[in-house]
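See structure below.
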Amino acid sequence: MAGQARDGQYQELARQLSAVGAVKRDLGRILPPDCSAGSAAVLTLLGRHGDLRMSALSELLAVDMSVTSRHAAHLAERGWIDRSPDPADKRSRILRLTPEGEAMLLELSRRSAGLLAERLSDWTDEEVAQLIRLMTRLRASFGDCRTAPHRPPPPPPVPVREPITRTPAQAT
C-alpha cells in the first residue's frame, strides 16, 4: 500500500509541476513588448555565465543552433548583445551583454521580482525560503537535463510465486 500512496504523490507532483507553466506564462506577460521569453532566457544565461560561444548558448538553451541564431540576431538589433568572431574559431561567434543588455536584464529581474512579491504577498518569508530550497533541490536531483539521456523508469518487479508443492495425498 505504501508504494501506491507514493505513486499517488508522484502523480500529484507531476500535476503540480505542469501547473508551473501558468506561473511561467504570467511571468512572460510582464516582459517588455520587444523582449520575448526566448530573448529573456538568452539575456539571463549571458548574465549568469558571461560571454558565450553561440554553440554553448544553444546547448544551454537546449534548442537548435538556428533558433539561437535568431534570438542572437534579435538581441543584437536592439543593442542588447554584441556578436564578435571567436579568436579560436573565426566561424563561430562570441556573444556578450552590452551595457544596454545589462540594463534590460536588470529591468527583467525587477519586473519578475515585483510580480513574485505581489503574487506571494500572503506567504511568509520562511515559506518563500522553503520553496526556494525545495526547488533548488528538485533541480539538482534532475541534474543537467540537457546532457543526460532520458531513461524510462524501471518496470515494476514481477511478483515471484512460490512453486506449489503437493503431498501425495493432495495429488489425488
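Points to keep in mind about this one:
- P(r) weight above 23 Å for segment 22-105, C-alpha pairs, percent: 17
- Highest-first packing order for the peptide set 52-61, 13-22 is 52-61, 13-22, based on the mean count of other beta carbon atoms within 10 Å.
- In this structure, the amide hydrogen of residue 63, modeled 1.01 Å from its nitrogen in the peptide plane, lies closer than 5 angstrom to no residue at least 5 positions away or on a different chain.
- Rg/Rh ratio calculated on Cα atoms of segment 1-66 (Kirkwood radius): 1.19
- Residues whose placed amide H lies under 5 Å from that of residue 53, excluding near-sequence neighbours: 95
- Remark on residue 98: its backbone amide H falls under 5 Å from those of 81, 82, a criterion applied only to residues 5 or more positions apart or on other chains, H modelled at 1.01 Å from N.
- With coordinates expressed along the principal axes, the C-alpha atoms belonging to segment 93-135 extend over 43, 21, 11 Å, beginning with the largest.
Bear in mind these aren't lab numbers, they're just calculated from the coordinates by the rules spelled out. All figures in this text were calculated on a predicted structure; none of them were measured in a lab. Using ideal geometry, Cβ is built from the backbone for each residue, glycine included, and neighbour counts are taken over all protein chains shown.
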